[in-house]
Amino acid sequence: MSISAFRPTFDYSLLAEHLPSGAMEAFEPLTRDAFFETMNHGDLPRWKTMIEALPALDAAHFRPGDRIEIGRAEELDTMQRQQIELALHAFIPWRKGPWSLFGIDLDTEWRSDLKWHRLLPHIEPLEGRRVMDVGCGNGYHCYRMLEEGTRLVIGMEPHMLYFMQFWLLRRFTSQLPLFLMRGKLEQLKLPVPVFDTVFSMGVLYHCRSPFDHLLELKDCLRSGGELVLETLVVDGPEGYTMTPQGRYGRMGNVWFIPSAATTESWLQRCGFRNVRTVDINVTLPAEQRRSRWMPYQSLVDGLDPADHGRTIEGLPAPKRAIVLAEKP
């Protein structure tokens, strides 16, 4: 597939305007033409054709609240609305949200606003800060960060479907200081210590080397910058870590689930200071569930039907912690 057949419509050259001199070089591996030529996915031609057929317009209405509103229904004619609905259905499952796109409500699998409200009172104010969101999915929390007055938000997401969902939504909000990199943190030219706040939410337990992930996050922070780490945890003392032997709640690629105390000790071992757990929350079906826009298995399908305190594999049910830390 040629580069002209794929390259996203947002212009990465604009990113350099929001970064300190020389910092753009760190992102060059994920923005150069040759990188886009390597994006191979069976659905990519169909997805790309659908997005390019969408109306080329910036939404007149934008409100990044709990349900992020991009455009109003009256901004579209009947044909434009049909095009957008068709595209949205092509990108099911929608996991992070909720969204309203030109009056079309996307009731996503996750009520991501609930997580946002749990962490926002505890973190450093985001106004005027450069922020990175690692493993950002379709960008829901990136838009919430913009709501707080950030000067720049960069999301990183390796999963092609979520990258394309972001691309679809970004098509109608092209003027925002918001960029998405398709790839993993280790693909950057690290260190790039230019961010005031770095978020890693729902990523650590998917890493075969959690220490490498924590050190890479640290490499993106300026001195005094804040890490916001949200991850699965289990009950237990410092030093205790659960290593699922197969799936966890029907979820694959889960390597380590530490206790909250162990998570704090890992961060301290990586050189972070002022490490503290500010929230521990049991994930409930009210927050993660099936919906019209995510009709497949969800949280309840991964729990023991007779005991929702255990997963279907007999392990402790999902519990999530928010841990904050500072780079010296």
Top-ranked residue of the stretch 25-53 - restricted to ones that are within 21 Å of the chain's Cα centre (by Cα) and outside any helix (DSSP H, G or I), ranked as modelled with the highest pLDDT:
T31
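Could you tell me which of the residues I123, I104, I70, I92 is out of contact with any strand residue (DSSP E or B) (no Cβ under 9 Å at 6 or more places or on another chain) and more than 24 Å from E17 (Cα to Cα)? Please lay out each step first, then the result.
Numbers: I123 fails: out of contact with any strand residue (DSSP E or B) (no Cβ under 9 Å at 6 or more places or on another chain); I70 fails: out of contact with any strand residue (DSSP E or B) (no Cβ under 9 Å at 6 or more places or on another chain); I92 fails: out of contact with any strand residue (DSSP E or B) (no Cβ under 9 Å at 6 or more places or on another chain).
Criteria check complete, one pass: I104.
Based on this model, can you work out whether V192 counts as aliphatic (A, V, I, L, M), within 24 Å of K96 (Cα to Cα) and buried (at least 16 other Cβ atoms within 10 Å of the Cβ)? Walk me through it before giving the result.
On the way: aliphatic (A, V, I, L, M): yes; within 24 Å of K96 (Cα to Cα): no; buried (at least 16 other Cβ atoms within 10 Å of the Cβ): yes.
No, not satisfied.
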Would you pick out the residues in the stretch 287-296 that are within 20 Å of the chain's Cα centre (by Cα) and of a type outside the set (F, W, Y)?
E287, Q288, R289, R290, S291, M294
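State which residue is surrounded by the most Cβ atoms within 10 Å (Cβ to Cβ) when the search covers only the stretch 277-294 and only residues that are of a type outside the set (A, V, I, L, M) and closer than 23 Å to A260 by Cα.
Let us first name the residues in the stretch 277-294 that are of a type outside the set (A, V, I, L, M), namely 277, 279, 281, 283, 285, 287-293.
Those left that are additionally closer than 23 Å to A260 by Cα: 277, 279, 281, 283, 285, 287-288.
Working: T277: 16, D279: 16, N281: 16, T283: 18, P285: 12, E287: 17, Q288: 20.
Result: Q288.
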So, in the stretch 150-160, exactly how many residues are open to solvent by 10 Å² or more (accessible area, probe 1.4 Å) and over 13 Å from G135 (Cα atoms)?
2
Is it the case that some residue within the stretch 295-303 is closer than 22 Å to R111 by Cβ, open to solvent by less than 70 Å² (accessible area, probe 1.4 Å) and in contact with a Leu (Cβ under 6 Å, 6 or more places away or on another chain)?
no
Pair list, Cβ < 7 Å and 6+ apart or interchain, from the stretch 286-302 residues that are closer than 14 Å to K96 by Cα to residues that are of a type in the set (F, W, Y) and open to solvent by less than 70 Å² (accessible area, probe 1.4 Å):
E287/W110; Q288/W110; W293/W94; M294/W94
Does the stretch 110-117 include one or more residues that are under 16 Å from the mean Cα position of the chain (by Cα) and more than 20 Å from L324 (Cα to Cα)?
yes
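Suppose we filter the stretch 121-147 for residues that are in contact (Cβ under 8 Å) with a residue 12 or more places away in the chain and part of a loop (DSSP other than H, G, I, E, B); how many remain? Give the steps one after another, and end with the answer.
Kept after step one, since they are in contact (Cβ under 8 Å) with a residue 12 or more places away in the chain, are these residues of the stretch 121-147: 122-147.
Checking which are part of a loop (DSSP other than H, G, I, E, B) leaves us with 122-129, 135-139.
The qualifying residues number 13.
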Restricting the stretch 260-276 to residues that are of a type outside the set (A, V, I, L, M, F, W, C) and within 23 Å of the chain's Cα centre (by Cα), the one most open to solvent (accessible area, probe 1.4 Å) turns out to be R276
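Answer with yes or no whether E216 is acidic (D, E), modelled with pLDDT of 95 or more, open to solvent by 10 Å² or more (accessible area, probe 1.4 Å) and touching a Leu at 6+ places or on another chain (Cβ under 8 Å).
Working: acidic (D, E): yes; modelled with pLDDT of 95 or more: yes; open to solvent by 10 Å² or more (accessible area, probe 1.4 Å): yes; touching a Leu at 6+ places or on another chain (Cβ under 8 Å): yes.
Against the criterion (acidic (D, E), modelled with pLDDT of 95 or more, open to solvent by 10 Å² or more (accessible area, probe 1.4 Å) and touching a Leu at 6+ places or on another chain (Cβ under 8 Å)), E216 qualifies.
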Hits in the stretch 225-251 (condition: open to solvent by less than 30 Å² (accessible area, probe 1.4 Å), of a type in the set (G, A, S) and out of contact with any Asp or Glu (no Cβ under 6 Å at 6 or more places or on another chain))
G249
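Tell me yes or no: at least one residue of the stretch 71-86 is part of a loop (DSSP other than H, G, I, E, B), open to solvent by 40 Å² or more (accessible area, probe 1.4 Å) and touching a residue at least 40 places away in the same chain (Cβ under 8 Å). Quick ask: steps written out before the conclusion?
Within the stretch 71-86, the first condition is being part of a loop (DSSP other than H, G, I, E, B), and the residues that meet it are 71-72, 76-77.
Pick out the ones that are also open to solvent by 40 Å² or more (accessible area, probe 1.4 Å) and you get 72, 77.
Those still in the list that are touching a residue at least 40 places away in the same chain (Cβ under 8 Å) too: none.
Within the stretch 71-86, not a single residue is part of a loop (DSSP other than H, G, I, E, B), open to solvent by 40 Å² or more (accessible area, probe 1.4 Å) and touching a residue at least 40 places away in the same chain (Cβ under 8 Å).
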If you go through R111, R171, the only one that is open to solvent by 10 Å² or more (accessible area, probe 1.4 Å) and closer than 24 Å to K48 by Cβ is R171
Taking the stretch 148-172 on its own, how many of its residues are within 18 Å of R63 (Cα to Cα), touching a helix residue (DSSP H, G or I) at 6+ places or on another chain (Cβ under 8 Å) and not in a helix (DSSP H, G or I)?
4
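The values are calculated or read from the model by the stated rules, or taken from the named source; none is laboratory data. This is a predicted model, so every value here is computed, not measured. Every residue, glycine among them, receives a Cβ derived from its backbone with ideal geometry; neighbour counts consider all protein chains shown. What goes into the accessible areas is simple: the full protein's heavy atoms, side chains included, and nothing from ligands, DNA or RNA. Shrake-Rupley method; radii C 1.70, N 1.55, O 1.52, S 1.80 Å.
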